[in-house]
1. Considering only residues that are charged (D, E, K, R) and either in contact with a Ser or Thr (Cβ under 9 Å, 6 or more places away or on another chain) or in contact (Cβ under 8 Å) with a residue 40 or more places away in the chain (or both), look in segment 70-84 and name the one that is surrounded by the fewest Cβ atoms within 10 Å (Cβ to Cβ).
2. Take the residues in segment 48-65 that are more than 16 Å from M141 (Cβ to Cβ) and under 13 Å from the mean Cα position of the chain (by Cα); name whichever of them is surrounded by the most Cβ atoms within 10 Å (Cβ to Cβ).
3. Considering only residues that are buried (at least 18 other Cβ atoms within 10 Å of the Cβ), charged (D, E, K, R) and over 11 Å from E96 (Cβ atoms), which ones fall in segment 144-170?
4. Does L55 meet the test of being modelled with pLDDT of 85 or more, part of a helix (DSSP H, G or I), under 18 Å from S158 (Cα atoms) and of a type in the set (A, V, I, L, M, F, W, C)?
5. With respect to the numbered conditions (1) modelled with pLDDT of 65 or more; (2) touching a strand residue (DSSP E or B) at 6+ places or on another chain (Cβ under 6 Å), which one is the sole condition not fulfilled by N148?
6. Sort through G20, G32, G26, G13 and tell me the only one that's over 19 Å from S158 (Cα atoms), crowded, with 16+ Cβ neighbours inside 10 Å, modelled with pLDDT under 70 and more than 14 Å from the chain's Cα centre (by Cα).
Amino acid sequence: MNAGKQFLSSQQGGDNNNQGGDQQQGGGGGGGFDFNSLIQHATDHDSNNSGGNDLFGQAAKYLQDQGAHQDGNVDENELLQAGQKVMGGGQAHSNEIGSAAALGAIKSFISGGGGNSGGMGGGGSFQDKIVGAAMSQAANMFDQKQANGEVTGGDKQSAVNKAGEMAMKLMVKHQVSGMIGGGGGGGLGSLASMLM
């Protein structure tokens, strides 16, 4: 279970020094996200063993390097179209699979009463669970699509990366981080209105 955390820590060595001292470290929570925690939650949700510590560790490093937790710029119509395309069956690109996984993870938390867990723990643990679930769902969806010969491009890593990125951006855009931190904000209610 700790291999993913070790992987992320090893990737934060000297090769990242060119980013300067302001880069988020794995244990820290940029925008309320804990990048090590994402790996753990993704692994916990991965009941089909579709992912793996290396896959989720690479995705967490990608999200950290991209600063996805700071950017709420997302085209929701495009995201919803990708979700409908993947969920409706048929062929899809890995990026579309990732987008659909992000929507699926957020929907499952909303419909499953996940919003009631908003006060759970500190440091954005609720956010980390959603992003981890999105990454895990992307790995599972990619395997299913690939088994059916329905992947038109990309690979599993890009699907997992995209899922984490879209989940983060949606939560930033809808101020879920503000809600988790105790503020008001649109929060999950705003996200739910978009998805339903």
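1. Start the filter on segment 70-84 by keeping residues that are charged (D, E, K, R), which leaves 71, 75-76, 78.
Narrowing further to those that are either in contact with a Ser or Thr (Cβ under 9 Å, 6 or more places away or on another chain) or in contact (Cβ under 8 Å) with a residue 40 or more places away in the chain (or both): 71, 76, 78.
Values: D71: 14, E76: 16, E78: 11.
Per the criteria, the residue is E78.
2. At the first step, the residues of segment 48-65 found to be more than 16 Å from M141 (Cβ to Cβ) are 53-54, 57-58, 60-65.
This time we only want the ones that are under 13 Å from the mean Cα position of the chain (by Cα), so: 57-58, 60-64.
Numbers: G57: 27, Q58: 19, A60: 31, K61: 20, Y62: 17, L63: 24, Q64: 25.
Selected residue: A60.
3. Residues satisfying the conditions are K156, E165, K169.
4. Numbers: modelled with pLDDT of 85 or more: yes; part of a helix (DSSP H, G or I): yes; under 18 Å from S158 (Cα atoms): yes; of a type in the set (A, V, I, L, M, F, W, C): yes.
Yes: the conditions hold for L55.
5. Only one criterion in (1) modelled with pLDDT of 65 or more; (2) touching a strand residue (DSSP E or B) at 6+ places or on another chain (Cβ under 6 Å) is unmet by N148, namely (2).
6. Numbers: G20 fails: crowded, with 16+ Cβ neighbours inside 10 Å; G32 fails: more than 14 Å from the chain's Cα centre (by Cα); G13 fails: crowded, with 16+ Cβ neighbours inside 10 Å.
Of the residues listed, the single one that is over 19 Å from S158 (Cα atoms), crowded, with 16+ Cβ neighbours inside 10 Å, modelled with pLDDT under 70 and more than 14 Å from the chain's Cα centre (by Cα) is G26.
The values are calculated or read from the model by the stated rules, or taken from the named source; none is laboratory data. Treat the numbers as computed from the prediction; the structure is a model and nothing was measured. Glycine also receives a Cβ, built like all others from the backbone with ideal geometry; neighbour counts cover every protein chain displayed.
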